[in-house]
Structure formats: C-alpha cells, structure tokens
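Have a look at the structure below before the remarks.
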Amino acid sequence: MYPKFITDAFNDKDVISIDIIFLDFSNAFSFVSHDKLIKKLFEKGISGDFLKILINSLKDRKEFVSYENSNSKIYTINVEIPQGSISSPILFNIYKSDLNNCGKYSKLFEFADDSIIIKIINKIVTEMSYKQILTAVSFRK
C-alpha cells in the first residue's frame, strides 16, 4: 500500500523522521496565468497545431452569468483553466510542475490541486531545509 521508499525509511536506522506536507491549492484553477502555462507547455515540447488548439481553448474566453431573464456583462477571461474540462487537471499539473524540484530526498505525489510532499530526514541530510520546497510551492509569483 505504501510506496517502497516509505517502508524502507521505517526500516532504516539512519532515518530521523519522515515529514509529510499536504497541499490543497484553494481555487487553484482560477489563478493559472495563461502566458506562463503556454510557456511551460512549449518548454515540455508541446508545439504545432496541438499547442494552437490549447491556446485557442484558453485565450480570450468569454463568461457571463444568466439568471432568469437577466444576463450580466460579458467578461473576457485571461487567467483560469476551465473547471470540469478533461484536460484541466493535466494542464494544472504541467503549470505546477516546478513542485517536482522539491529536493533530492523528497517525493511528490500529485493530482490536480492536491499534492503530498514526503521528505525523508536522515542523519546525513539534517541540513536540508524546507526553504527549497517552499520556493517550489510559490509558483504563483
């Protein structure tokens, strides 16, 4: 049930602690910068017509609220990944892929806006701080 590295850590006499950080990004899909996401998609090797389709599905989307016989003003949305789309969790994982750089002695488990970082602390690595992890988590900047 548990990943092997956790059971190995329990059995390792040099392990001081196993730290677990649970992350749940509130309103995560609402704060995705389209420009940053498109840059990351390109950096991951997504290009050509497929990238154009993704850009067209994100850029300059229009939203409004309709209630009974009244409609709100139409707004252009240039941040946010549409919630409920099949591609949304994948796009968000690509957007927050900087979390994967949370350190040599850490493991990341993620799906969409929920993530778990597990860090094994042993006698050799006691100087490793969470600063590296917190820097990776601050991807919204």
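The values are calculated or read from the model by the stated rules, or taken from the named source; none is laboratory data. As the structure is a computational prediction, the values presented were derived from the model and not from experiment. In this analysis, Cβ positions are derived from the backbone assuming ideal geometry, glycine residues included, and neighbour counts consider all displayed protein chains. Just so you know, the surface numbers come from the protein's heavy atoms only, side chains and all, with ligands and any DNA or RNA stripped out. Shrake-Rupley method; radii C 1.70, N 1.55, O 1.52, S 1.80 Å.
Each residue was assigned an accessible area with a 1.4 Å probe, and for TYR67 the value is about 150 Å². Close amide H pairs (under 5 Å, H built 1.01 Å from N) link ILE16 with ILE121, ASN122, LYS123, residues at least 5 positions away or on another chain. What's the carbon and sulfur percent of region 20-96's accessible surface, probe 1.4 angstrom, rounded to a whole number? Within region 20-96, the accessible surface is 57 percent carbon and sulfur. Just flag the GluC sites (Glu not before Pro) in region 63-94 sitting in loop per DSSP whose Cβ has no more than 15 other Cβ atoms within 10 Å. Of the GluC sites (Glu not before Pro), the ones in loops of region 63-94 whose Cβ has at most 15 other Cβ atoms within 10 Å are GLU68.
3J(HN,Hα) along region 33-42: 6, 4, 4, 5, 5, 4, 4, 5, 4, 4 Hz, from the Karplus curve 6.51 cos²θ - 1.76 cosθ + 1.60 with θ = phi - 60°, whole Hz, x for Gly and Pro.
Note on region 1-56: Cα-Cα pairs beyond 16 Å make up 66% of the total pair count. Legend: distances between Cα atoms for LYS40/LYS96; LYS59/LYS96; LYS36/LYS96; LYS52/LYS73; LYS39/LYS73; pairs beyond 21 Å are LYS52/LYS73; LYS39/LYS73. Excluding ligands, DNA and RNA, the accessible surface per residue across region 1-108 is 70 Å² with a 1.4 Å probe. Amide H contacts under 5 Å for ARG61: ILE77, restricted to partners 5 or more places along the chain or on a different chain, H placed in the peptide plane at 1.01 Å from N. For region 19-114, the direction-averaged projected area of the alpha-carbon convex hull comes to 8.0 nm². Accessible area of LYS36 (1.4 Å probe, protein heavy atoms only, ligands and nucleic acids ignored): about 80 Å². Residue by residue, region 4-12 carries 3J(HN,Hα) couplings of 4, 5, 6, 5, 4, 5, 4, 8, 8 Hz when phi is fed to the Karplus relation 6.51 cos²θ - 1.76 cosθ + 1.60 (θ = phi - 60°); x denotes Gly or Pro.
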